[in-house]
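The values are calculated or read from the model by the stated rules, or taken from the named source; none is laboratory data. What you see is a predicted model; the values in this text were computed from it and never measured. As a convention, Cβ positions derive from the backbone with ideal geometry for all residues, glycine included, and neighbour counts pool all protein chains shown. Keep in mind that these areas ignore ligands, DNA and RNA; they rest on the heavy atoms of the full protein, side chains included. Shrake-Rupley method; radii C 1.70, N 1.55, O 1.52, S 1.80 Å.
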Amino acid sequence: MAIEITAARTPRRRRSRAVRAHVEHAHLRTILLRGAFILFLLACTFIVTIVIYCYQSAAQLVDARLANGYLTSRAGIYAAPRMLRAGQNISRARLLETLRRAGYVENAASNVWNGAFTSKGDAVEIMPQREGVHPARAPAIVNVSFDQRGRISEITGDGTPLPAFALEPETLTNDAAMKTGQRTAVTYDELPPVLVNAITAIEDHRFFTHGGLDVSGLGRALLSWTGFHTDDELQRQGGSTITQQLIKNTYLTPERTVRRKFNEAFLAAALERRLSKQDILALYCNEIYLGQRGAVAVRGVAQAARVYFNKDLRDLSLGEAATIAGMIRSPARYAPDRHAVEAQARRNVVLGTMLRDGAINVAQARATSSEPVNVAPFTESADTSAPYFIDYVNRLVDAQLQTDSRADGHNLRVHTTLDLDLQQLAEAAVKHQLERLEKVYKGKATPQAALVVLEPQTGHVLAMVGGNSYAQTQLNRVTDARRQPGSVFKPFVYSAALESGLSPATMILDAPRNFAYDRRAVYRPANYGGAYSMREVTMRNGLVHSLNVVTVDLALRTGLQRVATLAEKFGLLKPEAYPALALGTTEATPLEIASAYTAFANNGARTGAAAITHMAGADGINLFSEFAPATQQVIRPSTAYMITDALTSVIDEGTARAARGLQRQTAVAGKTGTSRDGWFAGYTPNLVCVVWVGFDDNKQLGLTGAASALPVWQEFMQAAIALRPELGAIAFVRPAGITTVEIDPDTGLLASPYCPHHQRIAVTTTLAPTSECFMHQPPLDLLALNAAPNNVGVATTQLLEVSAGGTRAVVAQPAQVQQLRGGTTDDDSLRYDTAPTQIEINRSGRKRLATELHIASAPRAWPR
């Protein structure tokens, strides 16, 4: 039986469809692959474009930073630029130190620093960083010459004499919460090799070979961020190279985000292509934060060497260099002064990395690792830079930020008015006086002191010392301690009296008295020490000698409400209208008193205190214009000058006689004050300085202002004027309408040749006395006669005549002065008697005193 097997055949149509499907699938795959490739190319192009854009943006930011001065265009608080002037009392060595602190480096040419300098014999040559920092017309080379006394004799720019030259400002702090100490810019050549090896070994051992980014470090950072690695040490690693850490410290905020890391990488790459490795490492070593000791935030390796080991960089040992390098990752954890065990362990880790890199040998590592960590004693006052002032500035900045949301507090550059030279002098003066007072109080509680210095024309705060030790107490007594100012308030009382039309020559009784006020109330003030002259004195002498009774009487004559209102215009709290207000019972801060006293040095215009000149964001644009201090004319210029004239006599003959030596240098005026505390407020034509000394618990100081506050003021002012002579002046500017007259202080009238006391006072022509003194007459044996023969009768003699040039004696013809004895001439037959002195009006309408001499005698010829 035959079986036939046949194979099933696929229909042609189905086969063709399969082929077509396969072809279409292959075509689609090709299209998809091509699309994916195109998308990939587009993505790569986009990424490359983004990378190029980000890099160019980063490069522009780096270029702008370099063009504007790398060291002074970062966020932080800056002091005022130092001005160099001919005649300034600054030695060559001190100028070199100042230049280093201001970011100038020696014998180095790089646009990363604020400039370079070279010491040449008795001169210093400064090469400013010109690009973007100084205008094109600024000199390329500034030569500062010194004389044999250590003063600047001449300043020239490119060979042309310059009146002054401004250095770049120093950084006070880069962190508003920290008080940075004195810093010095160091170059790579000034870094000891042992420190360079220690830092690069522990922080970035491939620093000199990579281009700013460490791929392996980035990988570790990504693992720690994603949580795939839980190792504690790895978690702490940020994958940052030294260049990236420098970028983080100077360009970016410190938060740990992917965006910040992204920006950090591009900025680091851009910076690496613009600066040398040596400059990058030097900047890093100047910028790194290395902990805090006391009140001082340590920034930079040079300051760390000084604060922790009391050494210069070049003198650091291997162990000390390794200790500093080990602190970089966690300054608080590895602080050698507080955590010696942890610091030693971390130091040994650094030594191990140095051994790994071949920087040291086994013997060195073994010997150093067994050494204990020893730190040197440290006094924060020797290294802090105006911590009270920084707090004051931060308070002003915070107040501005609350009213304006445009600024980021982390990126602000705040330029202030602080003069670091004057600040150092102020701190030294306060310290010296408090050391003396420690001996006075013999182991008991030592008082505190505060000092503030203002420029009267601008209100700029040039120096501020808020207390003896910022580490012990952060209370700023300049701005926050309200105390009774005592007699430093009296010039405001006398200003109100002058403004109301009373003359400085007005006579007021200086004796124990009762003053009735408010219907039945009685006030009985007493002079300091209970001393009274028991006679009338001039209003001016009441201020010069700080007489309480006279001042209270004057306030009542002027009107208590008028005095209180004027005090408020001076910027003080408005006192209650009681007689005691005249004696300074309403509390005030030293800063308020200093601001009020600017009116006396500034032609009657009070200037508010200003600590900030401008505040800029990351783009360099000034954010706030409100920092310009307000100026208000509170008294007439003539009133201010009359007060100044009296306060000059306070130093010449009054309660501040101890400061008379300053008058040989410049015109000075001031007033002591004694309440529970001691005060002194004094000024030159260009400087106002107020000093307060007292206890924080408000207990009685037991010293006068002349004994407690005046020595601080005197020491500071002498040093300040010697350093900057332009802060003083020969005389205060005399406004129009002021004349000088000579009075008899016993009567307040124009002095005659026979007055026992003479006093020259400044007064307006409208308030000047017009009558001559009538109390002091020539003695009875003095007679002026010049009569013709047989001329017996009346001869009139004018005793005084007042002219624009002052007071002079005039003998009216035909009288002539002749000495008589016993009431007669040589001829006993002549007798005379005098009529009472009378006031006459001369032809010009001015008053004068005249005395008629009635003569009776036999005819005779008088000598001619």
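Quick look at the numbers
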quantity: Solvent exposure of the stretch 665-788 as accessible area per residue, Å², 1.4 Å probe; calculated: 35
quantity: Note, ³J(HN,Hα) from phi for the stretch 493-510, Karplus 6.51, -1.76, 1.60, rounded to Hz, x at Gly and Pro; calculated: 5, 5, 5, 5, 5, 5, 5, 8, x, 6, 8, x, 8, 4, 8, 9, 6, 9
quantity: Phi to ³J(HN,Hα) by Karplus 6.51 cos²θ - 1.76 cosθ + 1.60 over the stretch 411-422, Hz, x for Gly, Pro; calculated: 10, 7, 10, 10, 9, 10, 9, 5, 9, 5, 5, 5
quantity: Accessible carbon and sulfur surface of the stretch 295-404 relative to its total accessible area, %, 1.4 Å; calculated: 50
quantity: Percentage, to the nearest whole number, of Cα pairs in the stretch 680-786 over 22 Å apart; calculated: 61
quantity: Accessible surface of the stretch 431-524 [probe 1.4 Å, protein heavy atoms]: carbon and sulfur percent; calculated: 45
quantity: Long-range HN-HN contacts of Ser153 with modeled amide H, under 5 Å; calculated: Gly87, Ser145, Phe146, Asp147
quantity: Ranked by how many other beta carbons lie within 10 Å on average, peptides 465-472, 592-599 from highest; calculated: 592-599, 465-472
quantity: Sulfur and carbon atoms: percent of accessible area, the stretch 525-575 [1.4 Å]; calculated: 51
quantity: Placed amide H near Tyr517: partners under 5 Å, 5+ positions off or other chain; calculated: Val522, Tyr523
quantity: Protection-proxy order for peptides 634-643, 483-492, each taking the mean of Cβ atoms within 10 Å per residue, highest first; calculated: 483-492, 634-643
quantity: P(r) histogram, all alpha-carbon pairs of the stretch 645-699 included - 10 Å bins from 0, percent; calculated: 24, 50, 19, 6
quantity: Integer Hz, Karplus 6.51/-1.76/1.60 couplings in order for the stretch 547-557, x for Gly and Pro; calculated: 8, 5, 4, 4, 5, 5, 4, 5, 4, 5, 5
quantity: Spatially proximal lysines relative to Lys439 (Cα-Cα < 16 Å; intrachain offsets below 8 disregarded); calculated: Lys431
quantity: For peptides 345-351, 327-333, sequence by mean Cβ density within 10 Å, most packed first; calculated: 345-351, 327-333
quantity: Sequence-distant lysines (8 or more away, or on other chains) whose Cα lies within less than 22 Å of Lys277; calculated: Lys248, Lys261
quantity: Cross-link reach list, lysines versus Lys569, counting only Cα pairs under 18 Å and skipping chain neighbours closer than eight places; calculated: Lys490
quantity: Net lengthening on full extension, Thr765/Ala36 (0.36 nm per residue, minus Cα-Cα); calculated: 252.7 nm
quantity: Extension gain from Arg94 to Ala138, taking 0.36 nm per residue of separation minus the Cα-Cα distance; calculated: 13.5 nm
quantity: Virtual spin-label span in nm between Thr446 and Ala729, 7 Å along Cα→Cβ; calculated: 3.8
quantity: At R0 = 41 Å, FRET efficiency that the Cβ-Cβ distance of Ala511 and Gln148 yields, to 0.05; calculated: 0.10
quantity: Amide H partners (placed H, <5 Å) of Ala102, local residues excluded; calculated: none
quantity: Inter-label distance for Arg676 and Asp357, nm, one decimal - labels placed 7 Å from Cα along Cα-to-Cβ; calculated: 6.0
quantity: Overall form of the stretch 491-628 per C-alpha gyration tensor (a/c, 1.5; a/b vs b/c); calculated: prolate
